[in-house]
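Asker: Input: one structure, supplied below.
The values are calculated or read from the model by the stated rules, or taken from the named source; none is laboratory data. Predicted model only: the values in this text are computed from it and were never measured. We place every Cβ from the backbone using ideal geometry, glycine too, and count neighbours over all the protein chains shown. Only protein heavy atoms, including side chains, enter the accessible area calculation; ligands, DNA and RNA are left aside. Shrake-Rupley method; radii C 1.70, N 1.55, O 1.52, S 1.80 Å.
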Amino acid sequence: MAEISHDEKDIELGFVETVPSWKLSSHFFPSKIGGKPAWLALSNLPKTEDLNCGVCGKPCVFLLQIYAPIDEKETCFHRTLFLFICRDALCYKQTSNKCFVVLRSQLRRNNEFYDYEPPALDTFDSSINYPSAEKFTTLCLLCGCRGLKKCSACHKAFYCCKVHQTIDWKNDHKKICKSLTEDAALLTCTSASEQILFPQFELATEPEDYDEPSDDETTNEVAMKEYKDYIRVHGEGVLEGVTGASRDLQNMALDESQVDNQFLVFKTRIGHASEQVTALTGVLCSSTPAARAVILVQPTTANTSGNKTFAFLYHQPNEILQS
């Protein structure tokens, strides 16, 4: 049995913070939300088809990454989890994870990309050529993933797929394409990237300070149980004379009550730290490959999916990028 360095029940909460963009580059091993991915392993990036939504087939967009090293395991001295999601709300179905892509990237301490000693986290020197994925491969101008498709006119802009190339052409690239043949420094896609990328923030984590509720604090759960028991004993009120219909409605109500009860417990738990955007367990400290983590993304400025809060249960990454 694999050794667990901490209690798998321990939960780390994540909170968004605004920091200078250089702190979120690969060299500083960031945990972050939004923007382009700060790749850990800088070569052999995922193929475009590996990042496509399993429902609509369109490219998923980077949502967040968590730097989660395992010090006691040599092959996981550096370790980052990446989460990509589809931007099309119609692709999301209950109990389906086809519109999510989770990847794990890990490196030994002695590797081809980074210094053996950790970087100075509060220092940035513009004269230093810090390691980045652009040195090893071409990246999509819009999303920062591997981009092998090249603009046939200027030969300067690269994209991961036709979808992103079309978005950039309509918003930015059409205006500057001819000029790029003489001045590549003009290459930009600001307005196009804003259409598909989430706003960028640092993801700062800290241990959850939460005590399990006592019996007196479970009033809502008790009330829900009493309500369901009452329905079973006394029937369905005004629909009591319509046997078939009332039975179906009763079953539906009981199912919804069960869901509501679970959601109530969920909302009560996260309400103790209302600014949290992630909550992770096990994955930050476990050397077990299948260690579980729950990623909870709440509606903040870093999440434009509306008023819904969704929970993502991670069991095993789709692919190990580097070990």
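Asker: Does the stretch 133-140 contain any residue that is within 22 Å of CYS60 (Cα to Cα) and in a helix (DSSP H, G or I)?
Answerer: yes
Asker: What number of residues within the stretch 76-96 are surrounded by 15 or more Cβ atoms within 10 Å (Cβ to Cβ) and out of contact with any strand residue (DSSP E or B) (no Cβ under 6 Å at 6 or more places or on another chain)?
Answerer: Qualifying residue count for the region: 4.
Asker: In the stretch 107-138, which residue that is among the aromatic types (Phe, Trp, Tyr) and surrounded by 15 or more Cβ atoms within 10 Å (Cβ to Cβ) is nearest to LYS156 (Cα to Cα)?
Answerer: PHE136
Asker: Quick test of your reading of the structure: LEU63 fulfils all but one of (1) outside any loop (DSSP other than H, G, I, E, B); (2) within 21 Å of PRO131 (Cβ to Cβ); (3) aliphatic (A, V, I, L, M). Name the failing condition by number.
Answerer: So LEU63 meets the others, but not (2).
Asker: Under 6 Å between Cβ atoms, at least 6 apart or on separate chains: pull out the pairs that start in the stretch 105-120 with a residue that is under 18 Å from ALA133 (Cβ atoms) and end on any residue that is open to solvent by 70 Å² or more (accessible area, probe 1.4 Å).
Answerer: That search, which allows pairs on different chains as well, returns GLN106/SER323.
Asker: Taking the stretch 195-225 as the search range and keeping residues that are open to solvent by less than 90 Å² (accessible area, probe 1.4 Å) and of a type in the set (Asp, Glu), which one is modelled with the lowest pLDDT?
Answerer: Among those that are open to solvent by less than 90 Å² (accessible area, probe 1.4 Å) and of a type in the set (Asp, Glu), it is GLU221.
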